[in-house]
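As C-alpha cells, the structure follows; a few thoughts come after it.
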C-alpha cells in the first residue's frame with residue numbers, strides 16, 4: 001500500500017478515491033480469484049457450487065454474485081459452526097501455511113471459529129484503511145486496549161500496526177499467548193507511563209476508564225489522548241459524544257467482527273460508515289426472502305471477502321449473512337465530502353439487541369443517548385404465569401442528575417424511534433430501577449467478553 005507524504009496524513013488512501021468503474025475492475029478481478037480458490041481448496045464451497053449447478057467462472061461481478069445468492073450460494077452463521085472443517089482450505093488443514101484461529105464471543109449462540117492465514121494481508125489493509133481515516137498519524141503512540149486471544153481484535157490490531165501505512169509505536173503487543181484482558185488499572189497505568197496520543201478500545205471501556213480516573217482525582221483530558229477509535233459494540237452518537245467530552249478527544253467508530261476484521265469505518269465527517277470495498281463486496285439483504293435491498297432499505301449485511309491474486313484465505317466468506325447486524329446503505333455512489341468513494345452505510349445495530357414488549361420494538365442501546373446515564377442494563381422478564389414480557393431498565397446515574405429526569409429521558413429515547421408505541425404499552429410494561437454498579441447484573445447470567453446491554457430472565 002502506498003505511503004502518503006506527511007502533509008497528506010489522514011486523507012483518503014489512493015484506493016479509496018478511485019472512480020467507480022476502476023474500483024469495480026479491481027473488485028471483479030479479486031472476486032473471480034477468490035471464488036476459484038474457494039472452489040478448488042474447500043469441500044464446503046466445492047459442494048455448494050456443484051449442488052446449485054453454478055460454476056465459479058460464471059460469476060464475474062457483483063450482479064452475478066447477487067443472482068447466485070438468490071439461488072442459494074451463501075453462508076450463514078450456523079454453517080460456520082456446523083460445517084467448520086469443510087470450510088477449511090486444504091492448505092490450512094495440511095499446515096502448508098501459517099494460521100491463527102480466532103473466535104466470536106458467542107453471545108448470540110455457539111462461538112464461531114475463524115482462521116486467518118499469517119500474515120493476514122487482507123486484515124492488515126483493512127486496519128490501515130480504518131485507522132488512517134481515524135487520524136492515526138506518523139509518530140503517534142497508540143494504546144491497544146482490546147480483546148485478548150482467542151478473540152480477534154487485539155491480535156489482528158497488532159499485526160495491523162506492524163504493517164501500518166505510517167510508523168507508529170503501540171502497546172501492548174497481543175499474541176496467541178496473551179489470554180487475559182487489560183484491567184482498568186492496567187490501562188490507566190499504561191496511559192501514565194506509555195503516554196499514548198491515540199486510544200483504541202470498546203466504547204464501554206473508554207467510559208469505564210475515564211470514570212475510574214475521575215474517581216481517583218485524575219482528569220482524562222489532561223493526558224495526551226487526542227483521538228479514540230472505538231469498536232466491538234454498537235455505539236450511539238450520544239455515547240460517542242460522552243466519550244469525546246470525558247477525554248477531550250475526537251472519537252471514531254469502526255465496524256469490526258471476528259469473521260471479517262474491520263470492514264466499516266468512520267471518517268472525519270462522522271456521518272456514517274465507509275465500507276472497505278477494495279476488500280469487501282457488500283449488499284443489504286432480507287435473509288428470509290433472499291431479496292437484495294435497495295439504498296435506504298434496512299436489512300442484514302451480505303459480505304464477500306476479496307483476496308488478491310496469490311493471497312490465501314484461512315476461511316473463505318462468500319455471500320456471508322451471519323453477522324447479526326442491521327443497517328442500510330446511505331450512499332451507494334460513495335460521494336463523501338472527505339473524498340472517499342467507498343459506499344456509506346448507517347451505523348449498525350445488533351439484531352440480538354432488539355427488545356420486544358407487546359410487539360413494540362426498541363433498540364436496547366437507547367439509554368446511551370441520555371447524558372445522565374453512567375451505566376445501564378436492560379432485562380427482558382418473561383412471566384410464565386401471565387405469558388407476558390416486561391422490561392426492567394437498571395440505571396447507574398451520573399452524579400448531579402435527578403432520577404425522575406433521567407427516567408423520563410430514557411423512556412423518551414426508547415420511544416423516539418416509534419412515537420406511537422406508548423399507546424400500546426400498559427402500566428408496568430417498563431420499570432426503572434436505579435442501582436449501584438455492583439447490582440447492575442444481579443440475577444442475570446452474563447457471558448464474558450463484550451459488554452452486554454440486554455439480558456433475559458424467566459419468572460414463575
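Observations on the structure shown:
- Residue within segment 148-156 that is assigned by TED's automatic domain parsing to the domain that holds residue 221, more than 20 Å from residue 260 (Cβ to Cβ) and surrounded by 19 or more Cβ atoms within 10 Å (Cβ to Cβ) present: no
- Taking segment 37-59 as the range and being in a helix (DSSP H, G or I), surrounded by 14 or more Cβ atoms within 10 Å (Cβ to Cβ) and without any contact (Cβ under 8 Å) to a residue 40 or more places away in the chain as the test, the residues that pass are 39, 46, 48, 49, 56.
- Within segment 351-460, strands (runs of 3 or more DSSP E) holding 2 or more residues that are at pLDDT 75 or above, closer than 30 Å to residue 154 by Cβ and not assigned by TED's automatic domain parsing to the domain that holds residue 180: 373-383, 389-397, 454-459
- Within the option set 79, 186, 177, 86, being in a loop (DSSP other than H, G, I, E, B) and surrounded by fewer than 21 Cβ atoms within 10 Å (Cβ to Cβ) holds for one residue only, 177.
- Top-ranked residue of segment 111-148 - restricted to ones that are part of a loop (DSSP other than H, G, I, E, B) and within 17 Å of the chain's Cα centre (by Cα), ranked as nearest to residue 312 (Cα to Cα): 112
- Whichever residue in segment 225-254 is within 19 Å of residue 326 (Cα to Cα) and assigned to a loop (DSSP other than H, G, I, E, B) and, among such residues, is modelled with the highest pLDDT: 231
- Within this structure, residue 366 passes the test of being touching a residue at least 12 places away in the same chain (Cβ under 8 Å), buried (at least 22 other Cβ atoms within 10 Å of the Cβ) and in contact with a helix residue (DSSP H, G or I) (Cβ under 7 Å, 6 or more places away or on another chain).
The values are calculated or read from the model by the stated rules, or taken from the named source; none is laboratory data. From a predicted model like this one, the values you see are computed outputs, not experimental measurements. Neighbour counts are summed over all protein chains in view; Cβ atoms, including those assigned to glycine, are modelled from backbone coordinates with ideal geometry.
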